[in-house]
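Peer 1: Pasting a structure here, questions to come.
Only the coordinates and a few stated rules stand behind these numbers; no lab work does. These numbers come from a predicted model, not from an experiment. Note that each Cβ is placed from the backbone with ideal geometry, even for glycine, and that neighbours are counted across all protein chains shown.
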Amino acid sequence: MSDPRARQTRVTTSHWGAFEVETEGGRIRATRPFRDDPNPVAIPEILPQAVYHESRVARPAVRRGWLEGRGGADRGRDTFIDLPWDEALDIAAREIDRVRTTHGNGAIFGGSYGWSSAGRFHHAQSQAHRFLNMAGGYVASFGSYSTGCAQAIMPHVFGIDFLKLLYQHQDSWQTIAHNTQTLVMFGGINAKNAQVSMGGITRHEVTDWFETFHKGGMACLNIGPQKTDAPEGCDWMALRPGSDTALMLALAWVLEDEGLTDHAFLARATVGFERFRPYLTGERDGVAKTPEWAGPICGVAPDAIRTLARRMATTRTLITVAWSLQRAHHGEQPYWMSAVLAAMLGQIGLPGGGVGYGYGAIGGVGKSMRAIGGMTLSQGRNAVRDVIPVARIADMLRNPGAAYAFNGETRHYPDIRLVYWAGGNPFHHHQDLNALDAAWRTPETIIVNEPWWTATAKRADIVFPATTPYEREDIGSSKLDDYLFFMPRLIDPVGEARDDYAIFAGLAQRLGAQEHERFTEGRDADQWLRHLYAGFRDTAQAMDIDLPDFDGLRARNWMRLPVECGDEGRSIFAPFRADPDAAPLGTPSGRIEIFSQTIDSFGYDDCPGHPVWLPADEWLGAATPEAPLHLISPQPGDKLHSQLESALADQPDARPERLAIHPDDAHARGIGDGDLVEVFNARGRARARARICDTIRAGVVALPTGAWFGDAGCGPDPHGNPNVLTRDIGTSQLGQGTSAHSTLVDVVGIPKGDAPD
Ligand SMILES: Nc1nc2c(c(=O)[nH]1)N[C@H]1C(S)=C(S)[C@@H](COP(=O)(O)OP(=O)(O)OC[C@H]3O[C@@H](n4cnc5c(=O)[nH]c(N)nc54)[C@H](O)[C@@H]3O)O[C@H]1N2
Ligand SMILES: Nc1nc2c(c(=O)[nH]1)N[C@H]1C(S)=C(S)[C@@H](COP(=O)(O)OP(=O)(O)OC[C@H]3O[C@@H](n4cnc5c(=O)[nH]c(N)nc54)[C@H](O)[C@@H]3O)O[C@H]1N2
Ligand SMILES: [Mo]
């Protein structure tokens, strides 16, 4: 054995891909790019500072007010008492047992949404779900903040699970490069987002693909509020956020008006165009959805809409839609309407044509490979049936027992007494954080496993310090990536941190021998890794892929998998197009549903039976003197959400976060580049630093997510978390997704004398 304290370089992986880590003296010293990655990302550079940062949770901690029986009122404002592991686990296990015995498992919320870390075994959310299932079940959540609204609406339209559609049935970059002539990107295709993919993306290739597209003469048009949402060389149509549906309707109107609609395709492959058409032409509501109608709504010249429609109808056109469009009030509409527009163009099922969702949103979309399945920790069976739409958490906490509509059902919010969170940061990711802060005081007990003192950990009653992936062994693999990693334990756990697995095993043991056996199945972490890997290796073997045994993989550290493939037979739409009767879609009609009888029968005014233009409550068309600017809050380009923020939070050049603002809007407010500003509305206030640029549409400001929600009391959020400003309402009664992007604000400069040092 080599001296573990000597200088060593090994490879690990993460959601942002693989990287080399240099350790010496048992500490992480530096990170470096992974040799196979043509475009390495900078995200891990902060790791050596972040991993040892003073904000690591050193020991199990229990909140004083909770321990002394004062309930949840002081959450976020209280002090903590460090306890030995055994004592803290005893207290937590007793509390879980008390709640399940007194109120039933339906009083435990274990949705535990969040990205946690890469690694197949130590996936915090899976560990939490497995533990809670074994303990009798928990209230779960449906969908994601990423695509919750699309996950509800798109199965009605295409008859297929939205995630399956994304990852198994969309054209690969290769197919697009070979076939697409016109790429129309609503919300762009942003390489900064493709840095990241669940479980990891090893080769970052999106910018390279665009170079290939440009060389091949493809016309690439980015439609949205920011030019920077697409790589260099793409055209930009600067659109008002939240107006995409109006633009798509006008494009559809031109197709109809100029005889460019593929009516043969509509007749064979769709249902309901005759119900939609009178709305499009204005026969039904007196408003023809012409380019002249859409122009002022979208802030786009009507002629540009006509020209674009003609080009789309006469070239092989792929429409792509960013996920951001459905993280907005009425986000169902642009998603449904993009499918209708693609159907009218008649290219669905042709290579490089039709519509695709989330290219660039994460690195794995568009990757052409055969997935090897089978390395997933089983979560067991949840005996509690109650599920809330993921973004409705604050409503749930505020309104136990209240009725709400969701995708055709009337449901009731459960009465939650205990919340368990592992691997997520709701006080970064949820909307209207000041309102969540108030709602969060209602449960009797909140338990959090977390490596760092995040705003969520600070608002828990029992905090268990969790290891980071650098402090434990794991296997890194993703169904959307063609590399396999043995993730070494690079350093000892920081402080008294334990793996989530060990934390839950400790709790299970205290709940009873049976629980412990069911949770662990008699395996320790090493035995679990070997067990999961053996299953994966067998699956690979059945696909004629030879993999080394576990110790062989451990010795190799990483390998590339021979799983590249073409798109033949990949899409459900190709066979469907060839013979819709023989290969029908999973919708009630077996066809693409332009009008959905099912959705119509729900009777929702905020999501009727076919796509319509429904403006958001908050967008530039509803701007007021108090809130004249549209705030979008995209993903941060330099990090993953709120992860590794610990070391950034105290860097004065990094925080507060930068706010992109157009020169006209900045000058009108006397704001200079680099000035400290306050972004505000009736819901909250956040500090930010102005970044003046003409790559954002006038009237729109962009403040990325990712800054930690600070401890500001009633003052402005000091780090610049946009979620103190965003509105917390469902996209509609159908999807109930987050509406984060539908937010109006104003911005003021902070006089220099008032700015903190
Ligand atoms: N305004 C606005 N808000 C948004 C969005 C937006 O577009 N606009 N986007 C939304 C979207 S799409 C998403 S996905 C969410 C992201 O929100 P989250 O997924 O909640 O954000 P993360 O920062 O990834 O949170 C992961 C947490 O897990 C912790 N962690 C890491 N590894 C481990 C581990 O091994 N064990 C444990 N116990 N913990 C670990 C990290 O320290 C971190 O605190 O944000 C949403 N919020
Ligand atoms: N580096 C990095 N990459 C990430 C993440 C990260 O935290 N960091 N998070 C990952 C996650 S969890 C997810 S879900 C994906 C999200 O992927 P996306 O949803 O694609 O990402 P966003 O950055 O929210 O939005 C992309 C762009 O959409 C534009 N936009 C906003 N509103 C509108 C609109 O109404 N119309 C149009 N046309 N455009 C609009 C904005 O200009 C924004 O920059 O990103 C993933 N990738
Ligand atoms: Mo996401």
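Peer 1: Which entries in the list Lys215/Lys289; Lys227/Lys639; Lys164/Lys192; Lys215/Lys367 go over 31 Å, if you measure between the two C-alpha atoms of each? All intermediate terms of the calculation are to be shown ahead of the outcome.
Peer 2: Numbers: Lys215/Lys289 36 Å; Lys227/Lys639 20 Å; Lys164/Lys192 24 Å; Lys215/Lys367 20 Å.
Distance filter (> 31 Å) returns Lys215/Lys289.
Peer 1: Between Gln49 and Glu496, 0.36 nm times their residue separation minus their Cα-Cα distance comes to what?
Peer 2: Fully extending the segment from Gln49 to Glu496 adds 159.1 nm.
Peer 1: Okay, moving on. Give me the Kirkwood hydrodynamic radius of the chain, using the inverse of the mean 1/r over all pairs of distinct Cα atoms, in Å to one decimal.
Peer 2: Working: mean 1/r = 0.0372 Å⁻¹.
So the Kirkwood estimate lands at 26.9 Å.
Peer 1: Another question, then. Treat every Asp and Glu Cβ in the chain as -1 and every Lys and Arg Cβ as +1, leave all other atoms uncharged, and give the resulting dipole magnitude about the Cα centre to the nearest 20 debye.
Peer 2: Using only the charged Cβ atoms, the result is roughly 480 debye.
Peer 1: Further question: May I ask for the distance between the Cα centers of the stretch 176-236 and the stretch 320-361, given as a whole number of Å?
Peer 2: For the stretch 176-236 versus the stretch 320-361, the Cα centre distance is 15 Å.
Peer 1: With r defined as the distance between the Cβ atoms of Arg27 and Thr207 and R0 fixed at 56 Å, what FRET efficiency is calculated, to the nearest 0.05?
Peer 2: With R0 = 56 Å, the Cβ-Cβ based efficiency is 0.95.
Peer 1: Next question, about the same structure. Roughly how many nanometres apart are two label points built 7 Å out from the Cα toward the Cβ at Ala402 and His214?
Peer 2: The answer from the label model is 5.0 nm.
Peer 1: Something else: Below 8 Å between Cα atoms, with a sequence gap of 6+, how large is the relative contact order for the stretch 201-260 in percent?
Peer 2: Values: 34 pairs, mean separation 14.0, N = 60.
It comes to 23 percent, rounded to a whole number.
Peer 1: If you fit an axis through the alpha-carbon atoms of helix 302-314 and take the longest principal axis of the Cα set of the chain, what angle between them do you get, 0 to 90°, nearest 10?
Peer 2: 90 degrees
Peer 1: Something else about it: In debye, nearest 20, what is the charge dipole magnitude of the stretch 14-160 about its Cα centre with +1 on Lys and Arg Cβ and -1 on Asp and Glu Cβ, if you could check?
Peer 2: Result for the stretch 14-160 is approximately 320 debye, rounded to the nearest 20.
Peer 1: Enumerate the residues in the stretch 188-218 having an amide nitrogen under 20 Å from the point lying 7 Å beyond the Cα of Ser368 toward its Cβ.
Peer 2: Flagged as within label range: 201-218.
Peer 1: With axes computed from alpha carbons, what is the tilt in degrees of helix 124-134 against the longest principal axis of the chain, rounded to the nearest 10 within 0 to 90?
Peer 2: Relative to the chain, helix 124-134 is tipped by roughly 70 degrees.
Peer 1: Oh, and also: Ranking request for peptides 60-71, 718-729, 130-141: highest mean number of other beta-carbon atoms within 10 Å first, then the rest in descending order.
Peer 2: Ranking the peptides 60-71, 718-729, 130-141 by packing returns 718-729, 130-141, 60-71.
Peer 1: Using the charge dipole of the chain (Lys, Arg: +1 at Cβ; Asp, Glu: -1 at Cβ; taken about the Cα centre), state which of Ser368, Tyr335, Leu614 has its Cα farthest towards the positive end.
Peer 2: Ser368
Peer 1: Something else now. If I take R0 = 22 Å and measure r between the Cβ atoms of Glu568 and Leu163 in this structure, what FRET efficiency does the formula 1/(1 + (r/R0)^6) give, to the nearest 0.05?
Peer 2: 0.50
Peer 1: Also: Antiparallel as a % of all DSSP beta bridges within the chain, to the nearest 5?
Peer 2: About 50 percent, rounded to the nearest 5.
Peer 1: If you find the alpha carbon centre of the stretch 61-106 and of the stretch 484-541, how far apart are they in angstrom?
Peer 2: 25 Å
Peer 1: What net charge is computed for the residues neighbouring Gly119, neighbours being all others with C-beta under 12 Å from the C-beta of Gly119, Lys and Arg scored +1, Asp and Glu -1? Please list the in-between numbers first.
Peer 2: On the way: positive: Arg120, Arg472, Arg489; negative: Glu471, Glu473, Asp474, Asp499, Asp500.
Spelling it out: positives minus negatives among the neighbours equals -2.
Peer 1: Also, I was wondering about something else. Residues with amide H under 5 Å of Ser117's amide H, sequence separation 5 or more or different chain, H placed in the peptide plane at 1.01 Å from N; which?
Peer 2: When sequence neighbours closer than 5 places are left aside, the close amide H contacts are Ala124.
Peer 1: In the chain, with Lys and Arg counted as +1 and Asp and Glu as -1 at Cβ, which of these residues, Gly401, Trp253, Ala93, has the Cα nearest the positive end of the dipole, that is, farthest along it?
Peer 2: Of Gly401, Trp253, Ala93, it is Ala93.
Peer 1: Moving to a separate point now. At a 10 angstrom cut-off on C-beta neighbours, averaged per residue, how do the peptides 541-551, 176-186 rank from highest to lowest? The partial results should precede the final answer.
Peer 2: On the way: 541-551: 12.4, 176-186: 22.2.
For the peptides 541-551, 176-186, the packing ranking is 176-186, 541-551.
Peer 1: Give a residue-ordered list of calculated ³J(HN,Hα) values for the stretch 73-84 (Karplus: 6.51 cos²θ - 1.76 cosθ + 1.60, θ = phi - 60°; whole Hz; x for Gly, Pro).
Peer 2: After applying 6.51 cos²θ - 1.76 cosθ + 1.60, I find 4, 8, 3, x, 10, 10, 9, 10, 10, 6, 10, x Hz.
Peer 1: Tell me, in nm to one decimal, what length is gained between Trp85 and Arg669 on full extension, where the rule is 0.36 nm per residue of separation less the Cα-Cα distance?
Peer 2: Taking 0.36 nm per residue and subtracting the Cα distance, the gain is 204.9 nm.
Peer 1: Determine the gain in length on full extension of the stretch Thr624-Ala583; use 0.36 nm per residue of separation and subtract their C-alpha separation, reporting nm with one decimal.
Peer 2: Using 0.36 nm per residue and subtracting the Cα-Cα distance, I get 9.7 nm.
Peer 1: Would any residue of the stretch 301-327 have its amide N under 12 Å from a label point 7 Å out along Cα→Cβ of Glu258? List them or say none.
Peer 2: Correct set: 303-315.
Peer 1: Moving on to the next point. I'd like the Karplus ³J(HN,Hα) series for the stretch 323-339: coefficients 6.51, -1.76, 1.60, θ = phi - 60°, whole numbers in Hz, and an x wherever there's a Gly or Pro.
Peer 2: Per-residue couplings from phi come out as 5, 4, 4, 9, 8, 8, 4, 6, x, 5, 5, x, 5, 5, 5, 5, 5 Hz.
Peer 1: With label points built 7 Å along Cα→Cβ from the Cα atoms of Gln541 and Gln527, find their separation and express it in nm.
Peer 2: About 2.1 nm, to one decimal.
Peer 1: Treating the beta-carbon of each Lys and Arg as +1 and of each Asp and Glu as -1, no other charges, what is the dipole magnitude of the stretch 675-757 about its Cα centre, to the nearest 20 debye?
Peer 2: 200 debye
Peer 1: Something else now. Could you run the Debye sum over the Cα atoms of the stretch 52-109, one equal point scatterer each and no solvent, and tell me log10 of I(q)/I(0) at q = 0.17, 0.30 Å⁻¹, two decimals?
Peer 2: -0.71, -1.16
Peer 1: At a Förster radius of 51 Å, what calculated FRET efficiency corresponds to the Cβ-Cβ distance of Ala513 and Glu68, to the nearest 0.05?
Peer 2: Between Ala513 and Glu68 the formula returns 0.95.
Peer 1: Taking every pair of Cα atoms in the stretch 604-757, average 1/r, invert it to obtain the Kirkwood radius, and report Rg/Rh to two decimals.
Peer 2: 0.99
Peer 1: Quick one: what are the phi-derived ³J(HN,Hα) couplings along the stretch 519-526, Karplus 6.51/-1.76/1.60 with θ = phi - 60°, whole Hz, x for glycine and proline?
Peer 2: 6, 8, 6, x, 9, 8, 4, 5
Peer 1: Follow-up question, since we're still on this one. Can you find, among Ala627, Thr598, Leu648, the residue sitting farthest towards the positive end of the charge dipole of the stretch 559-681, where Lys and Arg contribute +1 and Asp and Glu -1 at Cβ?
Peer 2: Thr598
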